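A short reminder: the numbers here are calculations on the coordinates, not readings from a lab. Keep in mind it's a predicted model, so treat the numbers as computed, not measured. Neighbour counts are summed over all protein chains in view; Cβ atoms, including those assigned to glycine, are modelled from backbone coordinates with ideal geometry.
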Amino acid sequence: MGRKSNYENGMYQQLMEIMGRLETVEKDSAQKIDTLNKRINVLENENLVLKQENQLLKEDNARLKSIINNDSSNTSLPPSADQKGGKPANTYNGRKKTERKEGGQKGHKGTTLTKAEIEEKINSGKCKHEIKTIGDTSGQKYITKYVVDLAVEPVITEIHIYADENGKYVIPEEYHSDVTYGANVKALAVYLYSEGVMSNDRIASFLNAASNGELELSEGSIYGFCKKLAQVSETSISNLETEMLNQKVVATDATTVTVNGKQNYIRNFSIKNTVVYHAMNSKSIEALKKIDFLKYYTGTLLHDHETALYHFGTDHAECNVHIIRYLRKNTEETGNTWSNKMITLLCEMNKKRKELLELGVSSFPTETLREYEEEYFSLLEKGTKENETTSHKYAKQDEKTLLNRMEKYSHNHLLFLHDFSVPFDDNISERDLRKAKNRQKMAGGFRKASGSEMYCSIMTVIETLKKRKMEIIKNLKKLFTGTPAIF
């Protein structure tokens, strides 16, 4: 009995040891399983984060590609910002190649002066005429050749002012200083300031060299001439703006300039024979309200979708060249077809409109207008459906914004169809603003706001004179002598 009891006790103890070890193994296994489950959860969370980051990187990559591909052909960026093929700015030519040979084209009118034109100039009395002889003058026959040149020489005019019957000397305001500069020098200096995009010290240096050093102009003298012209032009500029108030359509645009290192703007208002420039510190509604012309203008403003301008005038037309750029960009980024078809439609509308204008027709038939508008909105509907499947987030958002804009402002984009006096684009204003853009690139900004305002006044006078094909130097001289150049 004793042996059996000892045996059973031994077996029981062994069983208990085995069960204890099993319990320990189970606990260890449970802990390991729990640890592995936690690790799996961490990895799953990390994988989810990585997927989200990957998606964000894809979308950001698409956004950056969109920015890199921006140029003057598909956005509002100027050609100077183009970096096609690694070329530096200003070297890219966006013109499409043709099959024509390089150089002058057949049928193109030349610009070489002819004898008939020179003889007309002589007869007009506007040019000094001198005769130089070569050979034996005793003969009756000779061959005529002409040399066109410019005489540049300093002239000093001595002014004698006598007392009146009361013994009082009445000195005109322009002669209050003992020595002053004449209207010729002032007009040339102002013209170089606007046209040559030259600094004041370089203008002084050039005119001093032209006079063999006799003028002795300073940088301050040039600034004084420009400031004076801006002052005496106020009446003429006011008259120009009054004339513009009677125009049915006026185009406007704005470009950035720097004033004392801060971003400012120059805005212009353009019609066929007139342009007026204004200096502005912003493009806000409050800044626009300070322009008297906008306060009283009741016609149609043509611009590049500046929503602040919708608070002025009575109607608005949008530049379709700008919208075509955005449509082209949309086609490049999304691959959708609606935007390219919309470009074709807009260009066809403009082409047919031009053909009717050449024939003396002033409007489209009602049925043609209806068909064009139906096709316009049909393409927008097609674009909305294609937008649903656009893959990249940023391209999809931009496309949706473009579609919404073209629908909301359809009247403004298609106004050129209904009113032939409204241009298809805002190119006239952009051309008039190019001088200001060039000045910013070449000469830099302005030190003070008054300098920007002075520049705008000078440009208003000179560019309007050009548009009206009026003699620039002659009319600038008139302004300096108290005679209005334009009115």
- The FRET efficiency for Ser421 and Gln231, from their Cβ-Cβ distance with R0 = 41 Å and rounded to 0.05, is 0.70
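Neighbour counts of other C-beta atoms within 10 Å: give me Met244, Met11, Met459 arranged from fewest to most. Don't jump to the answer; show the numbers that get you there.
On the way: Met244 19, Met11 10, Met459 23.
The fewest-first ordering by Cβ neighbours comes to Met11, Met244, Met459.
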- Nearest-0.05 FRET efficiency for Asn41 and Arg328 at R0 = 45 Å, using Cβ-Cβ distance, is 0.35
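Given the DSSP H assignment, sum -39500 (n - 2.57) over each helix run of at least 4 residues in the chain and divide by its residue total; what's the result at 222 nm in deg cm²/dmol, nearest 500? Mind dumping the intermediate values first?
Working: 17 runs with 263 residues, N = 487.
That calculation yields -18000 deg cm²/dmol at 222 nm.
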- Task: Could you check the simple spin-label distance between Thr114 and Asp292, using points 7 Å along Cα→Cβ, in nm with one decimal?
- Result: 4.7
- Task: Find, to one decimal place in angstroms, the Kirkwood hydrodynamic radius of the chain, where the mean of 1/r is taken over every pair of different Cα atoms and then inverted.
- Result: 29.7
- Which ³J(HN,Hα) values, rounded to whole Hz and listed in residue order, are derived for region 454-465 from phi using the Karplus coefficients 6.51, -1.76 and 1.60 in 6.51 cos²θ - 1.76 cosθ + 1.60 with θ = phi - 60°, glycine and proline given as x? 4, 4, 4, 5, 5, 5, 4, 5, 5, 5, 5, 4
- Task: Find how much the distance from Lys352 to Val152 grows on full extension, using 0.36 nm per residue of separation minus their present alpha carbon separation; answer in nm with one decimal.
- Result: 66.7 nm
- Could you pull out the longest piece of the chain with no exposed loop GluC sites (Glu not before Pro) in it, calling a site exposed if DSSP puts it outside H, G, I, E, B and it has at most 15 other Cβ atoms within 10 Å? 217-387
- Task: For Asn264, enumerate residues with amide H under 5 Å from its amide H, sequence gap 5+ or separate chain, H modeled in the peptide plane.
- Result: Val257, Thr258, Val259
- When N is the residue count of region 320-418, what does its C-alpha Rg come to as a fraction of 2.2 N^0.38 Å? 1.14
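By the gyration tensor of its Cα atoms, with a ≥ b ≥ c the square roots of the eigenvalues, what is the shape of region 235-311: rounded for a/c under 1.5, prolate for a/b over b/c, or oblate?
Numbers: a/c = 1.83, a/b = 1.43, b/c = 1.28.
Prolate.
Sort 146-154, 389-397 by the packing proxy (mean of other Cβ within 10 Å over each peptide's residues), most packed first. Please report the intermediate quantities before stating the final value.
Working: 146-154: 8.8, 389-397: 16.1.
Packing proxy ranking, top to bottom: 389-397, 146-154.
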- Where does helix 366-387 land angle-wise versus the long Cα axis of the chain, in degrees 0 to 90, nearest 10? 40
- Can you find, among Ala436, Gly335, Leu301, the residue farthest towards the positive end of the dipole of the chain? Put +1 on the C-beta of Lys and Arg, -1 on that of Asp and Glu. Gly335
- What list of ³J(HN,Hα) values in whole Hz, one per residue of region 294-305 in order, does the Karplus curve 6.51 cos²θ - 1.76 cosθ + 1.60 (θ = phi - 60°) give from phi, with Gly and Pro shown as x? 5, 4, 10, 6, 10, x, 9, 9, 9, 7, 9, 6
- Would you kindly state how much longer the chain becomes between Gln55 and Met442 on full extension, computed as 0.36 nm times their sequence separation minus their alpha carbon distance, in nm to one decimal? 135.0 nm
- Note on the structure: Rh_Kirkwood(region 130-284) over Cα pairs, Å, one decimal, evaluates to 20.6
- Item | Interchain or long-range residues, amide H under 5 Å from Leu302's placed H | Val250, Ala251, Thr252, Ala317
- Query: Nearest 10 degrees, 0 to 90: what angle lies between the long axis of helix 234-244 and the longest principal axis of the chain (Cα atoms)?
  - Reply: 70
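Take the cross-link list Lys128/Lys477; Lys290/Lys354; Lys227/Lys283; Lys329/Lys393; Lys38/Lys393 and give me the ones stretching past 27 Å between alpha-carbons.
Details: Lys128/Lys477 19 Å; Lys290/Lys354 37 Å; Lys227/Lys283 25 Å; Lys329/Lys393 15 Å; Lys38/Lys393 34 Å.
The pairs that break the limit, which is 27 Å between Cα atoms, are Lys290/Lys354; Lys38/Lys393.
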- From the residues Gln14, Thr464, Asn61, which one has its Cα farthest along the dipole of the chain in the positive direction, the dipole being from +1 and -1 charges on Cβ of Lys/Arg and Asp/Glu about the Cα centre? Gln14
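Hey, got the dipole for the chain? About the Cα centre, +1 on K and R Cβ, -1 on D and E Cβ, debye to the nearest 20?
On the way: 71 positive and 67 negative charges, 220 e Å.
In debye, rounded to 20, the chain gives about 1060.
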- Item | Net length gained if the chain between Lys469 and Ala449 were fully extended (0.36 nm per residue, minus Cα distance) | 4.2 nm
- Return the lysines within reach of Lys101: Cα separation strictly under 26 angstrom, same-chain partners fewer than 8 residues apart disregarded; answer none if there are no such residues. Lys84, Lys87, Lys109
